[in-house]
Amino acid sequence: MSRLANHRAAARIARSLLANRLPGSRRGTVRQHLARSGHIAETIWRRWQVGPYQWRLKHLRWYLQECTNEYTCSTRYRHWLTVRLLVFALDRDGWIERLNGPWVRPSGIRGVLKPGRPAFEPSPTAD
């Protein structure tokens, strides 16, 4: 994929990555994840001018370390959940264990990760 023109395009792509993967209605949690994914993509684009498909582990780690360090533990945790969803949407599951930090739990103490709600997988069409 070619380089994106601006931060708005990066945010749009990040939101569309999650839009079809998140189960549930478009109220509450899903809407918050979509808004945070756009914010994450814009912030990373402004720093490195790369979109979601060009992200590396260092971009997400930088975001979690530098951009969320002033947030409360629970807010950092919510951003971590959105980053985790983005990583799964990009099929980079191996990155999850390498993104350890104080943001992984609301209390700030790292524990064993439990599998979350499964991502929405469209059912195959019957022929």
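Which one is nearest to residue 82 (Cα to Cα) among residues in the stretch 5-14 that are open to solvent by 70 Å² or more (accessible area, probe 1.4 Å) and touching a residue at least 24 places away in the same chain (Cβ under 8 Å)?
Taking the stretch 5-14 as the starting set, the residues that turn out to be open to solvent by 70 Å² or more (accessible area, probe 1.4 Å) are 5, 8, 12.
The next check asks that each one be touching a residue at least 24 places away in the same chain (Cβ under 8 Å); those that pass are 8, 12.
Values: 8: 18, 12: 15 Å.
Restricting to residues being open to solvent by 70 Å² or more (accessible area, probe 1.4 Å) and touching a residue at least 24 places away in the same chain (Cβ under 8 Å), the top hit is 12.
Only one of 5, 14 is farther than 22 Å from residue 104 by Cβ and aliphatic (A, V, I, L, M). Can you tell me which?
Only one candidate passes the filter, namely 5.
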State which residue is most open to solvent (accessible area, probe 1.4 Å) when the search covers only the stretch 67-94 and only residues that are touching a Pro at 6+ places or on another chain (Cβ under 8 Å) and within 18 Å of residue 20 (Cβ to Cβ).
-> 90
Filter result (on the phi > 0 side of the Ramachandran plot and either touching a residue at least 60 places away in the same chain (Cβ under 8 Å) or surrounded by 13 or more Cβ atoms within 10 Å (Cβ to Cβ) (or both)) within the stretch 24-66 | 49
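The values are calculated or read from the model by the stated rules, or taken from the named source; none is laboratory data. A quick note: this is a predicted structure, and the numbers were derived from the prediction, not measured. Virtual Cβ from ideal backbone geometry, glycine too; neighbours counted across all protein chains shown. Calculation scope for accessible area: heavy atoms of the full protein, side chains included, ligands and nucleic acids excluded. Shrake-Rupley method; radii C 1.70, N 1.55, O 1.52, S 1.80 Å.
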